[in-house]
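Notes to accompany the following structure.
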Amino acid sequence: MTDKNRYMIIVQACALSTAGIGFIAIIGWLTNIWMLHSIRADYIPMAPSTALAFIIMSGSLFVSTRWASHYLGTLFSKVSAVLVTVFALLMLIQFFIGTDFGIEKMLAGESGTLRGFPIGRMSPVTASAFLLSGLSQLFLLYVPQAPKSGRYLVVVMAVGVLIIGIAILTSYLFGAPLLYSGVIIPVAMPTAIAFVLLGSGLFAGVMTYPSLSVSGADVLIRTIPIFHGRYLPSAVMGIIGVLISITTYGIIHKNRSFESALFVLSAGLLFTALLTLYLLTTERYHIAIKESIAERNKLISELQDALARINTLRGFVPICSYCKKIRNDKNYWEHLEVYITERSEAEFTHSVCPECAKKVMAEFSQMKKDKEKTEET
C-alpha cells in the first residue's frame, strides 16, 4: 500500500466518522434522545444546522478522495464546500449584525433555552470553523492550479479547524467547557469531536495531492514540512501550550470567576502563539540557510563539472602524420605539447623512451666517431 492510499483511507475514515456524528445528532433531534446530540443533559446540544453542515462537508471530503478523477464527483465536492462556506458566512454575518435570517428556525423551530442559550442554534465559533473547513476544501480541490501561497493556506486552515476542535474538546474533558459563562453560544461536545475528525481529514487530504510539490521530486517537504520533522518541535510546543492553557483555565474556572479564567486562557494562548511563531521563524531561517548552502554547493559542483568538460579535449583533432603538429582553431600549426597544454590541465614531463634511447645513442655514437676522425685528419 502506497503512502497516498494510506492517507486516502484516513481521509475517508475521518469523513465517514464526521458524517456519522452528524446523522446521530439528527436522529437525536428526531427522537428527542438528548444524549445523541449533547452527550449530557446539562451540555448544549449540536444544532440541526450544524449536523447537516457536517454531513455535507464530510460528503464533499469523502467524494473528493474516493472519486477524485470523476467530473461529477469533483463538481459535487465543490458545490458542497461552497454551500457550507456560504452558510457559515451567513451565520457569522447574522451574529455580527445582531439579526436572525430565520434559516435555523426552519430546521429546529423554537426549541427553548439551556443556561440562557438558545437551543438548536449554531455557535459563531462553529460557523468560523465551518468557514475554515469550506475554504480549506475549496483550496484543496483547486490545489493543482493554486499558487504556492494557496497551498500553504490549505494546511493553515485545516490546522485551524483541528485546533478549534481540540481546544473545545479539551475544555469539556477538564470539566470547564468554554463559553458557558459568556454570552456567545457554546460549541457542543459532539461538535468539537466532529471538528477534530474533520480537521484531521482535511489535513490528511492534502497528502493525497502529489501536485503540491514545490520543486518537482520534493513532493511535500516544503508544503507540509511538519510531516518530515522540520517544524515538529514548534508544533509540539504549540500543542502543549494550548493544552496547558486550557487546563489552567479549567482549574481557575472552578475556583474563581469566569473573567479571571478567560484572562488566563487568553494570556496563555497568546504566549503560546508568540513562542510558536518565534520557533517557526527561527526554524524557517535555519532551513533557508541550509537550503542556501546546499544550493551553493550544488552550483559549485555544477561549475566544476562544466570546467572539467571545458578542459576535456573532444571531437576531431587535425594532426600532421609526419611532424605531429596540430592545427588550431585559427588554422595555425602548433606543437603537440603547446596545443594540449593550452586546452587542458595536463603538464608534460620530458623523458626518452627505450626505443628512442637506442636510436639517439646510435646517432650520438656515430657523431662522436665522425668528430674524432675529423680531428685526426
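With respect to the numbered conditions (1) of a type outside the set (S, T, N, Q); (2) in a loop (DSSP other than H, G, I, E, B); (3) touching a Ser or Thr at 6+ places or on another chain (Cβ under 8 Å), which one is the sole condition not fulfilled by GLY175?
(3)
Residue-wise test of (1) among the acidic types (Asp, Glu); (2) farther than 21 Å from VAL183 by Cα.
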position	(1), (2)
SER49	no, no
ILE55	no, yes
HIS70	no, yes
LEU75	no, yes
GLU104	yes, no
PRO124	no, no
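Right, MET35: within 26 Å of the chain's Cα centre (by Cα) and in a helix (DSSP H, G or I) or not? Steps first, please.
Values: within 26 Å of the chain's Cα centre (by Cα): no; in a helix (DSSP H, G or I): yes.
Criteria not met by MET35.
Condition test on PRO354, is it at pLDDT 75 or above, surrounded by fewer than 11 Cβ atoms within 10 Å (Cβ to Cβ) and touching a strand residue (DSSP E or B) at 6+ places or on another chain (Cβ under 9 Å)?
Working: at pLDDT 75 or above: yes; surrounded by fewer than 11 Cβ atoms within 10 Å (Cβ to Cβ): yes; touching a strand residue (DSSP E or B) at 6+ places or on another chain (Cβ under 9 Å): no.
Considered against the rule, which asks whether it is at pLDDT 75 or above, surrounded by fewer than 11 Cβ atoms within 10 Å (Cβ to Cβ) and touching a strand residue (DSSP E or B) at 6+ places or on another chain (Cβ under 9 Å), PRO354 comes out as no.
Looking at the stretch 182-207, which of its residues are under 23 Å from GLY28 (Cβ atoms), outside any loop (DSSP other than H, G, I, E, B) and among the hydrophobic types (A, V, I, L, M, F, W, C)?
MET189, ALA192, ILE193, ALA194, PHE195, VAL196, LEU197, LEU198
The values are calculated or read from the model by the stated rules, or taken from the named source; none is laboratory data. Bear in mind that the values here come from a model prediction, so they are computed numbers and not experimental data. Backbone-built Cβ (ideal geometry, glycine too); neighbour counts: all protein chains shown.
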